[in-house]
Amino acid sequence: MKPSKKTLLALALCAPILLACADQAVNAYEPADGSAAAPADASVDTTHTVTAAIGDDAAAVTDAPRPSREPDVIYVPTPEPVVDAMLNLAGVREGDVLYDLGSGDGRIPIAAAQRFGVRGVGIDINPVRVREANANAETAGVTDLVTFKEADLFEEDISEATVVTLYLLQSLNVKLRPKLLAELKPGTRIVSHAFDMADQWAPEQTQEVDGTRIYLWTVPER
């Protein structure tokens, strides 16, 4: 059955309206500025913020006070083979008192206490590191031998040390040199990981270990 002339005329009149409605429906989710937007029921790839669990130290980071000033260097732990080599190069022995300036997680004083039974003092300006070092000392069972202080290593009294360990920068070693010579007793051994004292103080010994270098000085007689 063929459509009547009236039907065809009605379809011709409605076609533009139907096409406009269809175009509006297709672009219903397009914002006024013409940029594309996903329809409400479309599958959207969203990125969620995930907080990784980092253990008990997370609490220490969030609730510990800020350092009294910004640390001189970022914290990079000394590898265990280098720790052992530093203690050996310094000739640590019973009766020594070891000061670690910029002690981080406390591994050098703790290792000295465990290996040689010597007393150790760690100095770090970052309270988070001091808290971590104290926790590590407790785990290692050497809290009777090691102490960690939140202090500025350039201001703290280090005169009782017989061994000093460093992992700073060359410029900081040079800056620290007058204090070391003024406060430490003659014969005190100083060992630095990775950095020397430029042309200000030539080391007595150097040693390559685990892809890095360590340096030894001895405080001279006055």
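The values are calculated or read from the model by the stated rules, or taken from the named source; none is laboratory data. The structure displayed is predicted, hence computed values, not measured ones. Glycine also receives a Cβ, built like all others from the backbone with ideal geometry; neighbour counts cover every protein chain displayed.
Evaluation of residue 162 against the conditions (1) without any contact (Cβ under 8 Å) to a residue 24 or more places away in the chain; (2) crowded, with 20+ Cβ neighbours inside 10 Å shows that the sole unmet condition is (1). Filtering region 156-174 to residues that are farther than 18 Å from residue 121 by Cβ and more than 23 Å from the chain's Cα centre (by Cα) leaves only 174. For region 115-132, residues that are within 25 Å of residue 185 (Cβ to Cβ) and either outside the structural domain of residue 188 (by TED's automatic domain parsing) or part of a helix (DSSP H, G or I) (or both) total 2. Among the residues making up region 88-132, those that are surrounded by fewer than 20 Cβ atoms within 10 Å (Cβ to Cβ), touching an Asp or Glu at 6+ places or on another chain (Cβ under 7 Å) and within 21 Å of residue 162 (Cβ to Cβ) are 97, 116, 117.
Once region 133-143 is narrowed to residues that are on the phi < 0 side of the Ramachandran plot and in a loop (DSSP other than H, G, I, E, B), the residue that is surrounded by the fewest Cβ atoms within 10 Å (Cβ to Cβ) is 143.
For beta carbons closer than 8 Å, sequence separation of 6+ or different chains, a first residue in region 190-203 that is outside the structural domain of residue 87 (by TED's automatic domain parsing) and among the aliphatic types (A, V, I, L, M) and a second that is at pLDDT 95 or above and surrounded by fewer than 17 Cβ atoms within 10 Å (Cβ to Cβ), there are no qualifying pairs.
Among the residues of region 185-222, those that are hydrophobic (A, V, I, L, M, F, W, C) and within 24 Å of the chain's Cα centre (by Cα) comprise 191, 194, 195, 209, 214. In region 181-208, which residues are of a type in the set (Val, Ile, Thr) and surrounded by fewer than 17 Cβ atoms within 10 Å (Cβ to Cβ)? Result: 206, single match. If you go through region 97-129 and pick out every residue that is among the acidic types (Asp, Glu) and farther than 13 Å from residue 146 by Cβ, you end up with 0.
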